[in-house]
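Colleague: Sending over a structure as structure tokens; questions will come in a sec.
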Amino acid sequence: MDEPAPRTPLSGPTIRADIERVDAATVAAASRLPASTLHEAGGRIGVLPTAIKPVTQGLRVCGPAVTVHSPGGDNLWVHRAIYVAQPGDVLVVHASGVYDYGYWGEIMSTAAQARGLGGLVIDGCVRDGEVLRDVGLPIFARGLSIRGTGKDQRAIGWINAPVLFEGVTVQPGDLVVGDADGVVAIPRALAREVVETAGRRERLEADVMRRLREGERTLEVYQF
């Protein structure tokens with residue numbers, strides 16, 4: 001059998017393949033923490049639009065961001081990003097404010113899973129909702145839409161450029177964490193400190209809940 005032809009890495013003026021990522025130890029620690037706690041520990045920063053929710057309940061997403069700016073109604077740049085991203089990366093996709101298209105589905109989930117990616121966060125819709133549950137890749141989106149997308153070779157998109165979500169800028173390599181409450185993006189330079197602070201906050205809250213179960217009131221515990 002002939003050997004497969006070598007694959008040329010994706011490149012171009014709007015594609016950055018080499019980015020600095022939040023370190024693996026910080027990602028591992030963050031994966032055990034609620035998104036809301038990370039948001040609070042960082043000084044109430046980084047909340048992505050609250051319309052973005054998990055497509056499959058019970059799945060969390062946590063990893064370094066590979067950012068994608070996709071033309072509205074077109075998912076070719078999202079396909080390309082699957083092959084720019086590295087194992088564990090989370091695709092963070094801005095769909096140019098054009099939400100009501102199925103930018104992602106079973107085939108792309110399977111491709112991303114084969115690449116070892118950590119998941120998808122998209123400010124738009126996806127489709128194949130029932131099947132995505134079986135694939136098991138964490139996907140956070142605005143909802144489901146059966147409307148098909150184009151693949152315009154001439155349309156301009158960006159991979160690993162900053163993307164803006166309602167006032168929150170996500171940079172490539174930032175820490176992205178999502179759970180049932182929503183998604184938070186923590187700047188890479190702050191991630192380790194924020195995760196350590198969030199861990200301490202979780203331990204303090206565990207002690208507060210113990211005191212409440214023993215009969216104390218929130219008014220005294222927090223000295224309101």
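Colleague: Less than 15 Å Cβ to Cβ from residue 164, Lys/Arg counted +1 and Asp/Glu -1: what total charge do the surrounding residues give?
Modeller: Cβ neighbours under 15 Å give a net charge of -3.
Colleague: Quick one: of the DSSP bridges fully inside region 65-173, what percent are antiparallel, nearest 5?
Modeller: 25
Colleague: Rounded to a whole number, what % of the accessible area of region 13-145 do carbon and sulfur atoms account for, probe 1.4 Å?
Modeller: 52
Colleague: Further, regarding this structure: To the nearest 20 debye, what is the magnitude of the charge dipole of region 1-157 about its Cα centre, counting +1 on the Cβ of each Lys and Arg and -1 on the Cβ of each Asp and Glu?
Modeller: 300
Colleague: Another one. Per residue, how much accessible area does the chain show when a 1.4 Å probe rolls over the protein heavy atoms, in square angstrom?
Modeller: Computed with neighbouring chains in place, this is 52 Å² per residue.
Colleague: Let me ask something else. Step by step: find N for region 106-195, compute 2.2 N^0.38 Å, then divide the Cα radius of gyration by it. What's the final number?
Modeller: Taking the Cα Rg and dividing by 2.2 N^0.38 Å, one obtains 1.21.
Colleague: Taking the Cα centroid of region 191-224 and of region 99-128, what is the distance between the two, rounded to the nearest whole Å?
Modeller: Cα centroid of region 191-224 versus Cα centroid of region 99-128: 36 Å apart.
Colleague: Defining a contact as two alpha carbons under 8 Å apart and six or more residues distant in sequence, what relative contact order in percent does region 16-147 show?
Modeller: 26 percent.
Colleague: Can I ask one more? Give me the log10 of I(q) over I(0) for region 36-118 at q = 0.16, 0.20, 0.23, 0.25 Å⁻¹, as the Debye formula computes it from C-alpha points; what are the numbers?
Modeller: -0.70, -1.07, -1.32, -1.43
Colleague: Now for a different question. Considering only the other residues whose Cβ falls under 14 Å of the Cβ of residue 142, what net charge follows from Lys and Arg at +1 and Asp and Glu at -1?
Modeller: Once positives and negatives cancel, what remains is 0.
Colleague: If I take R0 = 30 Å and measure r between the Cβ atoms of residue 154 and residue 18 in this structure, what FRET efficiency does the formula 1/(1 + (r/R0)^6) give, to the nearest 0.05?
Modeller: 0.70
Colleague: What is the sum of charges around residue 102, taking Lys and Arg as +1, Asp and Glu as -1, for the other residues whose C-beta is under 15 Å from the C-beta of residue 102?
Modeller: So the surrounding residues net to -2.
Colleague: Can you give me the Kirkwood hydrodynamic radius for region 134-187, using every pair of distinct Cα atoms, in Å to one decimal?
Modeller: 14.1
Colleague: Continuing with this model, one more query. Tell me which label goes with the value of log10 I(q)/I(0) by the Debye sum over Cα atoms at q = 0.08, 0.12, 0.13 Å⁻¹ computed from the coordinates here: (i) -0.27, -0.63, -0.74; (ii) -0.31, -0.64, -0.73; (iii) -0.33, -0.73, -0.85.
Modeller: Computed from the coordinates, log10 I(q)/I(0) by the Debye sum over Cα atoms at q = 0.08, 0.12, 0.13 Å⁻¹ corresponds to (ii).
The values are calculated or read from the model by the stated rules, or taken from the named source; none is laboratory data. Note that this is a predicted model, so its numbers are computed, not measured. Cβ atoms come from the backbone with ideal geometry, glycine included; neighbour counts cover every protein chain shown. What goes into the accessible areas is simple: the full protein's heavy atoms, side chains included, and nothing from ligands, DNA or RNA. Shrake-Rupley method; radii C 1.70, N 1.55, O 1.52, S 1.80 Å.
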